[in-house]
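This report refers to the structure that appears directly beneath it.
The values are calculated or read from the model by the stated rules, or taken from the named source; none is laboratory data. Since the structure is predicted, the reported quantities are computational estimates derived from the model, not experimental observations. With ideal geometry, Cβ positions are generated from the backbone for all residues, glycine too; neighbour counts draw on all protein chains shown.
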Amino acid sequence: MRDFIPARRTFLKSVGGAATFALLPAPLLLSGCQQGAAETDAKDSGLDEGPFDVELTLFARPDVTPILPGAASEVWRYTARLIKGPDDTLTHSDDSYVGPLIRLRRGQHVRVHIENHLPEATTVHWHGLHVPPEVDGQPRFPIQPGATRTVGFLVDDRAGLYWYHPHPHGEDGGRVGFQSYAGLAGPLIIEDDHERERNFPNGNQELVMVLQDRNFAGENELTYLSDGMGSMMTRMQGFKGDHLLVNGKPAAVKEVSATAYRLRILNGANARIYKLAWSDGRPVTVIGTGGGLLETPEERPYVTLAPAQRIDLWVSFQDDPKGAEIQLITEPHRASDMMDGGMMMGGMMGGSDNTSDKPTPLLTLAVNGAAQKAVRPLPGRLSSDLDSLPRPDDTTKIRPFRLSMKMMRGFAINDRQFEGATVADDEVVSLGTTEIWEFFNDTMMPHPIHVHGLQFMVVSRRNANARSARQLKAGIVDSGLHDTVLVLPGERVQIALTFKDFKGLYLYHCHNMEHEDNGMMRYYEVRK
Ligand code: C2O
Ligand code: CU
Ligand code: CU
């Protein structure tokens with residue numbers, strides 16, 4: 001492993017030259033990013049006693065990796081070293097900035113040493129995992145530059161695709177958008193026996209895809225925010241880049257056999273909503289969501305995948321002739337309900353999630369031979385444990401949350417913005433209870449709402465007749481379990497959550513990273 005490489009050249013340049021933190025020298029950058037000094041240097045936490053089944057070190061550091069053809073790009077990235085555990089725990093991605101795939105099994109005790117070699121504070125959040133607050137990577141437990149923090153937890157979630165990313169938030173706002181954009185994010189798979197019995201396509205037939213979008217300038221330098229007006233727009237819309245990357249690379253061609261594949265897709269973009277479909281119009285077969293397997297497979301014309309969401313797809317090329325090329329595409333759509341007249345900046349305002357008005361290919365699958373043997377059909381029943389989860393009834397408490405806009409200050413939840421580790425009276429829940437949270441989107445922007453520490457069910461979705469809903473609704477998968485739910489303009493979405501095992505503070509927020517960084521985030525507290 002190389003040691004800390006300070007970013008000497010201009011890193012993550014801004015277009016137009018106005019003030020973006022990326023251009024500040026490291027000391028300034030640090031002072032602009034105080035992470036609540038009182039709570040710094042939080043001690044190691046979580047499970048203190050071993051034995052641990054898996055132990056690894058995760059490094060966050062500046063590096064240089066190829067993204068586009070030509071010059072390599074300066075990035076911040078995760079790398080990892082396995083100290084103890086099964087050989088397949090880590091799949092490295094040496095020529096991509098995307099963090100290593102971490103593969104865990106339900107029931108494992110895991111310990112991770114997080115080393116911060118960045119020029120600013122960071123945290124590592126295990127997105128979607130049911131872990132205690134102190135190991136959840138919350139902004140109140142920053143890891144200062146040069147520091148290491150050790151966390152331990154029991155893997156207690158359903159088999160599925162999760163992920164990990166930074167979650168720092170200082171006096172001047174969040175750094176989730178910037179740090180993730182710089183390259184700090186990686187996929188995490190949890191496996192269990194139940195899933196293994198299902199014999200889904202694995203090995204070469206399992207493709208893990210991290211979807212992100214980026215902008216570049218000069219010699220392939222990543223650029224994040226643009227000039228003053230642009231950055232105001234970014235605050236409103238969230239960042240969207242022109243280059244749609246998969247696992248840190250432009251769209252590629254992959255040879256496949258005439259058999260079945262499992263595509264496990266993470267939307268790791270800051271703000272882009274994907275509308276995923278097959279280029280030949282075949283239906284998209286969904287077998288799982290962010291919280292693991294569905295009860296039964298579902299077919300959709302396309303799937304809507306909001307930031308932080310994951311989708312688990314099954315596809316067979318058994319009937320495709322040798323030489324056939326099938327593309328996974330993202331279709332143009334307009335997720336915001338901003339009126340066209342209101343788009344005073346035209347394209348720059350970027351109300352649409354399109355890079356063009358044509359579908360954009362993300363991956364081309366080229367069938368390289370005829371079917372050898374019959375493809376194992378997808379089981380009709382994928383899982384049966386969802387039935388036993390607590391369900392809400394007529395007596396379940398409904399907690400309303402209104403998503404609104406604060407003029408020039410981003411978005412708010414029940415008129416509040418992020419205030420650090422403090423909760424209002426209506427943000428306290430009781431351990432062991434089930435509640436319904438109702439999110440009403442009173443803005444013209446879509447908001448993917450994420451709740452930390454648990455997986456929830458989507459109970460209902462109403463009033464979706466806005467333009468965005470007409471364009472995206474047929475692809476929204478609400479069945480199964482989720483940690484992030486897309487709430488379109490005008491919609492009322494109810495989710496059922498059960499607070500078990502852990503007391504303390506957790507976050508809930510919009511996972512449009514620019515919304516989150518600009519205050520659309522709060523803590524809630526689980527009390528005894
Ligand atoms: Cu991936 Cu607080 O989130
Ligand atoms: Cu999370
Ligand atoms: Cu939002």
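Okay, here's what the table says:
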quantity	calculated
Test set (1) within 16 Å of ligand 3 (Cβ to nearest atom); (2) modelled with pLDDT of 95 or more; (3) aliphatic (A, V, I, L, M) - A335 fails condition number	(2)
Unmet requirement for A271, which otherwise passes all of (1) surrounded by fewer than 24 Cβ atoms within 10 Å (Cβ to Cβ); (2) part of a loop (DSSP other than H, G, I, E, B); (3) within 23 Å of the chain's Cα centre (by Cα); (4) not hydroxyl-bearing (S, T, Y)	(1)
Tally of residues being among the acidic types (D, E) and within 16 Å of ligand 2 (Cβ to nearest atom) across the range 472-513	1
Check on G410, small (G, A, S), touching a residue at least 60 places away in the same chain (Cβ under 8 Å) and closer than 16 Å to Y506 by Cβ	no
Close pairs from the range 318-333: first in the same structural domain as V246 (by TED's automatic domain parsing), partner among the basic types (K, R) and part of a loop (DSSP other than H, G, I, E, B), Cβ under 7 Å, at least 6 apart	P332/K358
The range 125-158, residues that are in a loop (DSSP other than H, G, I, E, B) and either of a type in the set (S, T, N, Q) or surrounded by fewer than 24 Cβ atoms within 10 Å (Cβ to Cβ) (or both)	H130, P132, Q138, R140, Q144, P145, G146, A147, V155, D156, D157, R158
Contacts under 9 angstrom Cβ, first residue in the range 286-305 being without any contact (Cβ under 8 Å) to a residue 24 or more places away in the chain, partner assigned to a strand (DSSP E or B), 6 or more apart	E299/V284; E299/T285; E299/V286
Checking T434 against (1) more than 16 Å from ligand 3 (Cβ to nearest atom); (2) farther than 29 Å from H333 by Cα; (3) touching a His at 6+ places or on another chain (Cβ under 7 Å), the condition it does not meet	(3)
